[in-house]
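J.: This is the structure I have questions about; it appears just below.
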Amino acid sequence: MSPTTARTATAPHATAGARVPGAPHWTPALERVGRLTPREQETFLLLAEGLSNGTMAQRLHVTERTVRAHVAAVMEKLELSSRLTVCLASYVFSTEHADAGTGSVRKES
């Protein structure tokens, strides 16, 4: 999916967790990314690449068990029930922030 298609599929973004008719059910999770710790944010962004736990573990210099724990924490904090929805949210999030020229995630207050 191209970044333009991904943005179109989720635009306009919901406000304060409200769901926009026709938008994917995971769209409100994009507003909760600020809840993640820095390491969970790294894991979240790697999920956009469709990497296995083993590959992510190598990149992060941790064990696969640690990656599984990070993925589980990301799913819980973003209130998503499957790895696929986290991957989709991560892809859209990363392409939007790449377009905006920002590599950081703003913390939720």
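Each reported figure results from applying straightforward, stated rules to the coordinates on display, with no laboratory input. These figures come from a predicted structure and were not determined experimentally. No Cβ is skipped: glycine too gets one built from the backbone with ideal geometry, and neighbour counts run over all protein chains shown.
J.: For Glu79, what residues show an amide H to amide H distance below 5 Å, using hydrogens built from the backbone and excluding near sequence neighbours?
T.: Answer set, sorted by chain and number: none.
J.: Right, something else. Can you check what the net charge comes to around Leu60, using other residues whose Cβ is under 9 Å from the Cβ of Leu60 (Lys, Arg +1; Asp, Glu -1)?
T.: Residues near Leu60 contribute +1 overall.
J.: At 7 Å along Cα-to-Cβ for each site, give me the label-to-label distance between Leu60 and Thr37 in nm.
T.: 1.0
J.: Follow-up question, since we're still on this one. Compute the Cα gyration tensor for the range 41-81, then decide on rounded, prolate or oblate, letting a ≥ b ≥ c be the square roots of its eigenvalues: rounded whenever a/c is under 1.5, prolate when a/b is larger than b/c in the other cases, and oblate in all that remain.
T.: prolate
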